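Derivation of every value follows stated rules applied to the coordinates shown; laboratory data play no part. Since the model is a prediction, treat every value here as computed from it, not as a measurement. Virtual Cβ from ideal backbone geometry, glycine too; neighbours counted across all protein chains shown.
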Amino acid sequence: MENLLKNFSASGGQGHTVIRGARLFMIEDDIANQSIAKMILESYGANVAFNRWGTDTVADILAFKPVDLILLDMMFPDNVSGFDIFAELHSHPDLQSVPVVAITAMDASQAVPRCRELGFSGYIGKPLNMMTFPTIVARILGGEHVWEYR
């Protein structure tokens, strides 16, 4: 996997330079998904931090500031949803202007309209596509709202 990522990142990709130096915070409970996202994004020079979601998540994000983008899984254990977490994040004054992107395997026909309504900056369907994921993140960092789902 690492060799594939090296070859992939070495091939460049227009717009991916915007990822270099970006500070991305991912809230994801699955360690495998964390690892994949981290390898892809760090291969383009992003600074990536993670939290599995808990009482310390907001404090962790604030300690990581400035944050350019929050990547938010939408399905968590114990009946916690990404929508609940989004509301908590946006209730904090220091995080209200940080773009948040849903990353999920939820049914897009239901999740995308709700994400748009609540003010998410985008939606990325799982499983992550290694070839398009960095391009989508770069577009969102560039200010575009992207709704990528299968």
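Largest GNM mean-square fluctuation across ASP68, ASP29, ASP78, computed for the chain with C-alpha springs under 10 Å, falls on ASP78.
Taking every DSSP beta bridge that has both ends in region 2-148, the antiparallel portion is near 5%. Computed from the alpha carbon atoms alone, the convex hull of region 2-148 holds 101 Å³ per residue.
Along the Cα-to-Cβ line of ARG116, 7 Å from the Cα, sits a label point; which residues in region 125-150 have backbone N less than 14 Å from it? Answer for region 125-150: 145-149. Just checking the listed ones, LEU72, LEU95, LEU24: in the Gaussian network model of the chain with Cα springs under 10 Å, the one fluctuating most is LEU95. Karplus-based coupling profile of region 131-143, in residue order and whole Hz: 7, 9, 3, x, 5, 5, 4, 4, 4, 5, 4, x, x, with θ = phi - 60° in 6.51 cos²θ - 1.76 cosθ + 1.60 and x standing for Gly or Pro.
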